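What follows is a single structure, written as structure tokens, with notes after it.
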Amino acid sequence: MTVTTTTEFYMTQFKFLATVTACAAGLAMSTAAHSAITLNTAGVDAQSVFTFSTVAVGQMGLVNVSVAAAAGSNTTLNSITPTVDPESGLTVDVPAFNMPVTKAQIKVGWDLKISPVAGDAMRSALILSRPAGRGQPPLKVALANFRIDFVNEVMNADIITATGVSSNVPLYNFTDNKDTKISLKGLALIMTGSFRDMIFDDAAADKIGDGLNIAAVLRPPLKEAQWGGVAINVNVLKKRPGGKVNDTPITAADLGF
């Protein structure tokens with residue numbers, strides 16, 4: 001077993017960040033200034049938290065659908081918060097799930113301004129389930145291997161059902177809060193940001209509806225609802241709590257489909 005000391009970790013991060021800085025400077029001086037730099041963040045403190053909206057919780061309740069972190073995935077339940085739904089006035093339990101960021105892509109412009117391009121949460125997965133009837137196992141759909149496209153404001157994912165896998169398809173369209181901050185401070189790449197108003201792509205909603213056997217008449221509210229938002233926090237100078245996560249895409253077989 002190889003043991004990495006704290007000194008070795010910081011030396012590694014220093015070299016890594018120095019390389020990123022050099023690349024940034026080089027890109028700013030060349031015609032490749034708008035190329036993306038890809039950073040592997042599986043071993044550092046890089047988190048994204050998906051918080052469902054009260055509307056999403058209500059809509060799932062109407063069609064008897066529950067959501068949970070998939071066993072064997074990187075996803076963990078971050079919190080369950082009793083929250084008042086502004087429309088109904090009822091208090092509902094709003095779940096938030098942590099999905100480690102395993103890869104980030106950034107772009108360096110001519111003026112050395114750094115902007116986000118994309119981000120991955122490989123091996124993260126959520127399970128949507130719905131009772132199938134007396135004596136029958138519940139129906140389930142997995143949403144897995146999330147990929148964020150900041151440029152087009154789309155979250156892609158694999159949609160896994162009992163009948164097959166749709167790989168890297170648009171899952172949600174979202175609204176960027178335009179609060180993303182990316183900087184190199186003391187050679188530490190710091191990134192925070194968030195987006196909201198996640199609305200199902202129509203085709204994705206139908207794949208999920210088919211997998212959970214949701215009647216067509218009940219699907220429009222699911223398609224029109226905003227499902228929540230995601231907050232991102234990346235600090236490459238800190239070790240990831242618990243160590244490096246597995247960044248291999250999770251499969252249908254891994255999830256028991």
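Hey, can you tell me all the residues within region 112-123 that are surrounded by fewer than 17 Cβ atoms within 10 Å (Cβ to Cβ) and either among the charged types (D, E, K, R) or not in a strand (DSSP E or B) (or both)? Even if it seems obvious, please write down each step before you answer.
To start, the set of residues in region 112-123 that are surrounded by fewer than 17 Cβ atoms within 10 Å (Cβ to Cβ) comprises 112-113, 115.
112, 113 - these are the residues of region 112-123 that are surrounded by fewer than 17 Cβ atoms within 10 Å (Cβ to Cβ) and either among the charged types (D, E, K, R) or not in a strand (DSSP E or B) (or both).
Scan region 93-111 for residues that are small (Gly, Ala, Ser) and assigned to a strand (DSSP E or B) and report the count. So that I can check it myself, show each step before the final result.
We begin by selecting, within region 93-111, every residue small (Gly, Ala, Ser); these are 96, 104, 109.
Going one step further and asking which of them are assigned to a strand (DSSP E or B), we end up with 96, 104.
Matching residues across region 93-111 total 2.
Among the residues of region 102-123, count how many are within 10 Å of the chain's Cα centre (by Cα) and more than 23 Å from residue 252 (Cβ to Cβ).
1
Considering each residue of region 154-164, count those that are in contact with a helix residue (DSSP H, G or I) (Cβ under 9 Å, 6 or more places away or on another chain) and either within 18 Å of residue 46 (Cα to Cα) or not in a strand (DSSP E or B) (or both), and give that number.
In the first step, residues of region 154-164 are kept if they are in contact with a helix residue (DSSP H, G or I) (Cβ under 9 Å, 6 or more places away or on another chain); the result is 157, 159-163.
Then drop every residue that is not either within 18 Å of residue 46 (Cα to Cα) or not in a strand (DSSP E or B) (or both), which leaves 162-163.
Looking only at that region, the number is 2.
Is one or more of the residues making up region 121-133 farther than 22 Å from residue 46 by Cβ and without any contact (Cβ under 8 Å) to a residue 24 or more places away in the chain? Lay out the reasoning, then the answer.
Keep residues of region 121-133 that are farther than 22 Å from residue 46 by Cβ, which gives 127-133.
Among the residues that remain, those that are also without any contact (Cβ under 8 Å) to a residue 24 or more places away in the chain are: 133.
Yes, region 121-133 contains a residue that is farther than 22 Å from residue 46 by Cβ and without any contact (Cβ under 8 Å) to a residue 24 or more places away in the chain.
In region 62-81, is there at least one residue being surrounded by fewer than 16 Cβ atoms within 10 Å (Cβ to Cβ), modelled with pLDDT under 95 and over 27 Å from residue 251 (Cα atoms)?
Within region 62-81, one or more residues are surrounded by fewer than 16 Cβ atoms within 10 Å (Cβ to Cβ), modelled with pLDDT under 95 and over 27 Å from residue 251 (Cα atoms).
Name every residue in region 124-153 that is more than 10 Å from the chain's Cα centre (by Cα), in a strand (DSSP E or B) and either of a type in the set (D, E, K, R) or at pLDDT below 95 (or both), in order of residue number.
If the condition is that a residue be more than 10 Å from the chain's Cα centre (by Cα), in a strand (DSSP E or B) and either of a type in the set (D, E, K, R) or at pLDDT below 95 (or both), then 130, 140, 149 are the ones that fit.
Scan region 160-177 for residues that are surrounded by fewer than 22 Cβ atoms within 10 Å (Cβ to Cβ) and either of a type in the set (D, E, K, R) or in contact with a Leu (Cβ under 7 Å, 6 or more places away or on another chain) (or both) and jot them down. Steps first, answer last, please.
Here is the first cut: in region 160-177, the ones surrounded by fewer than 22 Cβ atoms within 10 Å (Cβ to Cβ) are 161-170, 173, 175-177.
176 - this is the single residue of region 160-177 that is surrounded by fewer than 22 Cβ atoms within 10 Å (Cβ to Cβ) and either of a type in the set (D, E, K, R) or in contact with a Leu (Cβ under 7 Å, 6 or more places away or on another chain) (or both).
Specify the residue that is nearest to residue 154 (Cα to Cα); the eligible residues are those in region 171-196 that are modelled with pLDDT of 95 or more and among the small types (Gly, Ala, Ser).
194
Within region 202-238, work out how many residues are surrounded by 17 or more Cβ atoms within 10 Å (Cβ to Cβ) and among the basic types (Lys, Arg).
2
Can residue 79 be described as over 14 Å from the mean Cα position of the chain (by Cα) and in contact (Cβ under 8 Å) with a residue 40 or more places away in the chain?
For residue 79, the condition - over 14 Å from the mean Cα position of the chain (by Cα) and in contact (Cβ under 8 Å) with a residue 40 or more places away in the chain - is not met.
Scan region 236-243 and give yes if some residue there is within 21 Å of residue 55 (Cα to Cα), assigned to a loop (DSSP other than H, G, I, E, B) and not hydroxyl-bearing (Ser, Thr, Tyr), otherwise no. Spell out how you get there, then give the answer.
First pass over region 236-243, keeping only residues within 21 Å of residue 55 (Cα to Cα): none.
Within region 236-243, not a single residue is within 21 Å of residue 55 (Cα to Cα), assigned to a loop (DSSP other than H, G, I, E, B) and not hydroxyl-bearing (Ser, Thr, Tyr).
If you scan region 37-61, which residues turn out to be over 15 Å from the mean Cα position of the chain (by Cα), in a strand (DSSP E or B) and surrounded by 19 or more Cβ atoms within 10 Å (Cβ to Cβ)?
39, 44, listed by residue number.
Which of the residues that make up region 197-225 are outside any helix (DSSP H, G or I), in contact with a strand residue (DSSP E or B) (Cβ under 9 Å, 6 or more places away or on another chain) and either farther than 18 Å from residue 53 by Cα or of a type in the set (Ser, Thr, Tyr) (or both)? Full working, then the answer.
Step one: list which residues in region 197-225 are outside any helix (DSSP H, G or I), which gives 197-201, 212-215, 225.
Filter again for in contact with a strand residue (DSSP E or B) (Cβ under 9 Å, 6 or more places away or on another chain), leaving 197-201, 212-214, 225.
Result: 212, 213, 214.
The values are calculated or read from the model by the stated rules, or taken from the named source; none is laboratory data. The model shown is predicted, which means the values in this text are computed figures rather than measured ones. Because the Cβ atoms are built from the backbone with ideal geometry, glycine has one as well, and the counts that use them run over all protein chains shown.
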